[in-house]
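All remarks here apply to the structure that follows.
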Amino acid sequence: MFELSQDHEDFRRVVRDFAEQEIAPHVAAWDRDAHFPTELVPQMGELGLFGLNAPEEFGGAGLEEGGFSYLCLAIEELGRIDQSIGITLSAGVGLGINPILSFGTQEQKERFLPDLVAGRALAGFGLTEPEAGSDAGATKTRARLEDGEWVLHGAKAFITNSGTDLTSVVTVTARTGESDGKAEISAIMVPTGTEGFVVEPPYRKLGWHISDTHGLTFEAARVPEGNLLGERGQGFKQFLKTLDDGRIAISALAVGCAQRMLEEATDYSKTRIAFGRPIGVNQGISFQVADLAVMVEAARVLTYKAAWLNDEREAGRRSVAEVKQAAAIAKLYSTEAAVTATRIATQVFGGNGFMEEYPVARFFRDAKILEIGEGTSEVQRMVIARGLGLPS
């Protein structure tokens, strides 16, 4: 059965210290100004956070086993301080590095991975479209081969890490033909600066103000035929694998959110005085904080069980179906728990919880997207039901 080792816990402490020293003092200002801290990414790279799953030949940690669990720990600890910074790492690895690592050619890996692993660059993953979210198979972006080049037309929406000064490439899913009457979907790497590749202005978002998020358009954007990632027509299978990993990573981000809300609500309940005594003596408060503790513990166990299963799958000891089910369960529970945790913590803080000077307000805004990104709660329930053999 899974458990986190002492090495895992030592690593957690390293990341926590980094987050508290290098991120915590600045996040309120970054959030207020919707500022993406480009300078922080190389620091995270120097700490090895982008290379936990990568081989040593590309500058990674070369962890033979347990690499994904380490990544989830890093995402949780960064997310405990700020959710935007947590998703920057989660997307940078899970959606940026991992598709190249899993499906790329040796040349593609050598071209992109060293800078991505070192934090000198970031990569995005263009899946969602204005009319293709949960129904990712409805992709309308098209790519055709013409004189040895892929010519792309279409649009993508809500793409993380796609418009920073460090962004070097975005992997895009596109229709490249039809097979047996069904759309043939492939993944194509589009480097930053490609003519016809337009990064739209950043979104004005409810939360994740520090995270970089843009829409993308492709107007006869041309890239070499060799920029195909993996086999032609296998894009759908590729991004399903990518989403399984991503759902566990988002679950870890949610754990960080819920953990912070537990800490904030506990501390405030001890120090806020009302009617001459700490508000925590009231069961109306203490019972809610107790519920938070239960949710955090359950979310953490589900998340790291899923991460362990994912590591076991990579080692050939577990099936894809097991990981898919565990990822959906963890993602569903942890993200809904995180949203509930921010609501409870805000209520515990009362009027102060509505004030931006307190972090619970920022986490309240940031949490909702957890139930939407990487597959909505409704999609997770659908996946879980299918995994139980229920008709669909």
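Taking Ala183 as the residue in question, decide whether it is assigned to a strand (DSSP E or B), of a type outside the set (Ser, Thr, Tyr) and at pLDDT 95 or above. Considered against the rule, which asks whether it is assigned to a strand (DSSP E or B), of a type outside the set (Ser, Thr, Tyr) and at pLDDT 95 or above, Ala183 comes out as no. Scanning region 271-283 for residues that are surrounded by 13 or more Cβ atoms within 10 Å (Cβ to Cβ) and either among the hydrophobic types (A, V, I, L, M, F, W, C) or part of a helix (DSSP H, G or I) (or both) gives Ile279, Gly280.
The values are calculated or read from the model by the stated rules, or taken from the named source; none is laboratory data. No experiment lies behind these values; they were computed from the predicted model shown. Backbone-built Cβ (ideal geometry, glycine too); neighbour counts: all protein chains shown.
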